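Colleague: After the C-alpha cells below, expect a handful of questions from me.
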Amino acid sequence: MSTTHPTATQRRRTGGDLVVESLAALGARTVFGLPGQHALGVFDALRRSTLRYVGLRVENNAGFAADAYARTTHGVAPLLVSTGPGALMTLAALQEAAAGSAAVLAIGSQVPLAGIGGGRHGYLHELTDQSASFRGVVKSVHTARTASQIPSAVAAAWESALSAPHGPVWLEIPQDVLLAEAGIPPVGQLDATPRELLPRPELIAAAADRLTKARRPVILAGGGVVRAGAEAELLALAERLRAPVATTFGGKGAFPWEHPLSLQSWLEDRYTTTFLEDADTLLVVGSGLGELSSNYHTFRPLGQVVQIEADLGKLESNHAALGIHADARAALAALVQAVGERGPRDTVADEAAEEAEEDGGTGGAREAGEAGAPTPEAAVSALLARVHDRIAGQQLDLEQRILASVRGALPDGAVSCWDMTILAYWAWSAFDPRRTNALHSAQGAGGLGYGFPAALGVAVADPGQPVLAVSGDGGAMYSIAELATARQYDLPVTWLIVDDGGYGILREYMTDAFGEATATELTRPDFVALAGSFGVPAVRTSPERLRTDLAAALAAPGPSVVVLPARLRMFAPTHLTS
C-alpha cells in the first residue's frame, strides 16, 4: 500500500473538504472529536483547513467538551466522530446537550452507501439504522448521500442547532462520500441564520396586564434566560415590578446573587417552594418547571402562572399557564416595554395593609413568619434567613466550609464545571457564580463524567481564564483519560476531585431508602500519582488547606489536579415531608 500523499497541485478535493469548508463558511473556528476509519476523509481535510482541532480520548468526553464550548460561546460546537461504536459513544453527551440546550453539531461517518438501507452487508461498524439511535435524543437528524449535498446538509444542521431553543443535531455522511472527489467549487458562503422566535403581541399585553395588577409578583428564571443572554432584561423587569427572583439550577447567574430581590437558587427547599406558590402571578422564564425546579413536583401554584419558553414541548407541560412560545430575551424585552407603558406597580403601604387584613397577617410569604405584609425586599430577606437557619440546624459545617473555600479560591471571572457529585448538589443551591454563564453542570440529563471534559471545552473557548472542574472519585474515573488531552493542549483547567471512596450520593440515597448501600464502594487509584504520570501537577489537600491549595493551582499555568479526601453529606430533602 502506498503511503505517499499527492502534492498540493495534484490533490483532489473530497467530500471531507466540503465538510470543513462548510463549517468554516458558517463561522466555526474549533472542532472537537476523535477519528475513526470511516471518518478519515474529513479528518484528512482538517489538516488543510483553518479550523482548530481539539481531540479527546473518548467520544462521550468529546461531546461533553463540545457541549460546554457551545454554552460558553452561545454558538455551535462541531463534533466529529466515526461510525457505529464511535457514534453511539456520543449519545450520553448529546442527551445532556439536549437537556441543557447546547448547540452541538455532531457529524458522524457511515458505512459506504452500498451498506445503507437495512441489509446485513458485514461492513465494520455496520448498524441496521444508525440514525435511528439519535432521533429520540437530538433536535434533528440529517444525511448527505452525495458530495454536492454536503454544504446544504451542514447548513441545515447548523441552523437547527442554533434555532431557539438551542440543541444538538446529528449529521451522518457515508465513508465513500467523504472520500469521493468533490465535483463542485470550494464552499464560499453559507447562510444558516435561524429565525428569531418572537412573542405574539397579544400574549405580551396579557402578561403585562397580569404582572402590573399583581400584588405579589414573583419571577422564576431558568436556563433559557442565560442561553438567550437576557440577564439585563430580566433585571430591568424585576426592578420595575419589584418582583423577587429565584433562579433554577440551570439559570444560575441569570440574576445577581446578592440583589435585594434575589431569592437565589434554593429550589429544593420547602420555604422557597411555598414562596413561589404564594405569588398571585408567577412569571416563569426559560424553565419547564421540571423535577428539580419544582422541588420534585411538589410545587402547587395558588395564583396565576405566566410561562415564557422557547421549547414548545415544555410550554405548560407541568402547570397550566398563560404560555408564551418565544425566546426569553425577546419576550422579556417586550414585557419591560409593555409594563413601562402601564406605569409602575403600586407597592405603597395601603396595599400592604389591605393584604395583611385579607391574609390574616401572613402576607406574600406564608412560611416567612413576619407580621403584616412585608416589602418584597423584606420578604426575600426573611425567606433566605429561614432557609439558612434550616441548613444551619443540620450540622453541615464541613460541607458549607468546603463550598466557601472553593468560592474563595475561584477568581470572580472564572467558570466552574461540576460533575454529578454531592459538592455539585450543594453548588446548585448555594454557590454564587458571580456572573452569568459561569457555572455548568450535568443536571439536565444527570450523566457521570461531565465536569472535567466540560471544563476543557470552556478552556478552549476562553483560554485567558482558569477553569475549575469538580468531580467525585467515581465520576472522575469516567474522564481520567482526558488528563492526556489537558496536557497535550496545555489547557488551564484545575480539577478538584473529592475522594470519598465511592458513589457518595448513591450511597446516601440507598442508605436513606434501604438502610444500607449496595454497589457504591469503589477501589480507586492514587489520583495524585496518576495525574503525575500524565505530567499534570497534583496535590492532596485537606478541608483546612483547600482554599490555599486550590487558589495556587488555579493561578498556575496549564492543567492541575487537587485531591480532597472527604466524605460529605447532603442537606435534608424537604419534598419527602411536604
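Colleague: Nearest 10 degrees is fine. How inclined is helix 328-341 to the longest principal axis of the chain, computing both from alpha carbons?
Modeller: The answer is roughly 30 degrees.
Colleague: Also, I was wondering about something else. Tally Lys and Arg at +1 and Asp and Glu at -1 over the other residues with C-beta under 13 Å from the C-beta of residue 559: what net charge comes out?
Modeller: Numbers: positive: 487; negative: 482, 490.
Net of charged neighbours comes to -1.
Colleague: If I compute solvent accessible area with a 1.4 Å probe over the protein chains, what percent of it on the chain is carbon and sulfur?
Modeller: So the carbon and sulfur contribution to the accessible surface is 52 percent.
Colleague: Between residue 529 and residue 47, how high is the FRET efficiency from 1/(1 + (r/R0)^6) when r is the Cβ-Cβ distance and R₀ = 56 Å? Nearest 0.05.
Modeller: So the FRET efficiency works out to roughly 0.95.
Colleague: Using the alpha-carbon atoms, what tilt in degrees (0 to 90, nearest 10) does helix 397-409 show relative to the longest principal axis of the chain?
Modeller: Value to nearest ten degrees: 60.
Colleague: How much length is gained on full extension from residue 181 to residue 545, taking 0.36 nm per residue of separation minus their Cα-Cα distance?
Modeller: Result: 125.0 nm gained on full extension.
Colleague: Run the helix sum for the chain: -39,500 (n - 2.57) per DSSP H stretch of 4+ residues, divided by residue count, reported at 222 nm to the nearest 500 deg cm²/dmol. Working shown, then result.
Modeller: Values: 23 runs with 221 residues, N = 578.
Helices in the chain give a 222 nm mean residue ellipticity of -11000 deg cm²/dmol.
Colleague: Kirkwood hydrodynamic radius, computed over distinct alpha-carbon pairs, for region 414-510: how many Å, to one decimal? Show your work: numbers first, answer last.
Modeller: On the way: mean 1/r = 0.0745 Å⁻¹.
Evaluated over region 414-510, this radius sits at 13.4 Å.
Colleague: Next question, about the same structure. Would you kindly compute the Cα radius of gyration of region 437-574 and its largest Cα-Cα separation (Dmax), both in Å?
Modeller: Expressed in Å, the Cα Rg and Dmax of region 437-574 come to 15.3, 48.
Colleague: Determine by what factor the alpha-carbon radius of gyration of the chain differs from 2.2 N^0.38 Å, reporting the quotient.
Modeller: Normalised by 2.2 N^0.38 Å, the Cα Rg of the chain equals 1.03.
Colleague: Provide the per residue accessible area, probe 1.4 Å, for region 430-473, rounded to a whole number of square angstrom.
Modeller: Heavy-atom SASA per residue in region 430-473 reads 23 Å².
Colleague: Continuing with the same structure: Provide the net charge surrounding residue 231, with neighbours chosen by a C-beta distance below 12 Å and charges set as Lys +1, Arg +1, Asp -1, Glu -1.
Modeller: On the way: positive: 227, 252, 329, 435; negative: 233.
Around residue 231, the charge tally is +3.
Colleague: Okay, moving on. What chymotrypsin sites (Phe, Trp or Tyr not before Pro) in region 379-429 are in a loop by DSSP, with at most 13 other Cβ atoms within 10 Å of the Cβ?
Modeller: Taking region 379-429 and a limit of 13 other Cβ atoms within 10 Å, no loop chymotrypsin sites (Phe, Trp or Tyr not before Pro) are found.
Colleague: Taking 22 Å as R0, compute the FRET efficiency from the Cβ-Cβ separation of residue 191 and residue 74 and round it to 0.05.
Modeller: In this case the efficiency is close to 0.75.
Colleague: Which cross-chain or sequence-distant (5 or more) residues have an amide H under 5 Å from the amide H of residue 415, H modelled 1.01 Å from N in plane?
Modeller: Correct list: 468.
Colleague: Applying 1/(1 + (r/R0)^6) with R0 = 30 Å to the Cβ-Cβ distance of residue 576 and residue 488, what FRET efficiency is obtained, to the nearest 0.05?
Modeller: Taking R0 as 30 Å, the efficiency between residue 576 and residue 488 is 0.05.
Colleague: Step by step: find N for region 10-142, compute 2.2 N^0.38 Å, then divide the Cα radius of gyration by it. What's the final number?
Modeller: Against the empirical 2.2 N^0.38 Å value, I get 1.03 for region 10-142.
Colleague: Take every Cα-Cα distance within region 29-77, group them into 5 Å bins from 0 onward, and report for each bin the whole-number percent of pairs it holds.
Modeller: 5, 21, 27, 25, 17, 5, 0
Colleague: What percentages make up the Cα-Cα pair-distance distribution of region 239-295 when the bins are 10 Å wide from 0?
Modeller: Binned Cα distances yield the sequence 23, 62, 15.
Colleague: Among 102-108, 311-317, 504-510, how do they line up by average Cβ neighbours within 10 Å per residue, starting with the highest? Each step should come with its number before you reach the end.
Modeller: Working: 102-108: 29.6, 311-317: 15.4, 504-510: 19.0.
Ranked by mean Cβ neighbours within 10 Å, highest first: 102-108, 504-510, 311-317.
Colleague: Sticking to Cα atoms, compute the Rg of region 408-459 to one decimal and its Dmax as the biggest Cα-Cα distance, whole number, in Å.
Modeller: Just the Cα atoms of region 408-459 yield Rg and Dmax of 10.6, 29 Å.
Colleague: Treating the Cα atoms of region 208-349 as identical point scatterers in vacuum, please give the log10 of the normalised Debye intensity I(q)/I(0) at q = 0.10 Å⁻¹, two decimals.
Modeller: Calculated log10 I(q)/I(0) at the listed q: -0.27.
The values are calculated or read from the model by the stated rules, or taken from the named source; none is laboratory data. Because the structure is a prediction, the values reported are computed rather than measured. For neighbour counting, all protein chains shown are included, and Cβ atoms are generated from backbone atoms with ideal geometry for every residue, glycine included. Calculation scope for accessible area: heavy atoms of the full protein, side chains included, ligands and nucleic acids excluded. Shrake-Rupley method; radii C 1.70, N 1.55, O 1.52, S 1.80 Å.
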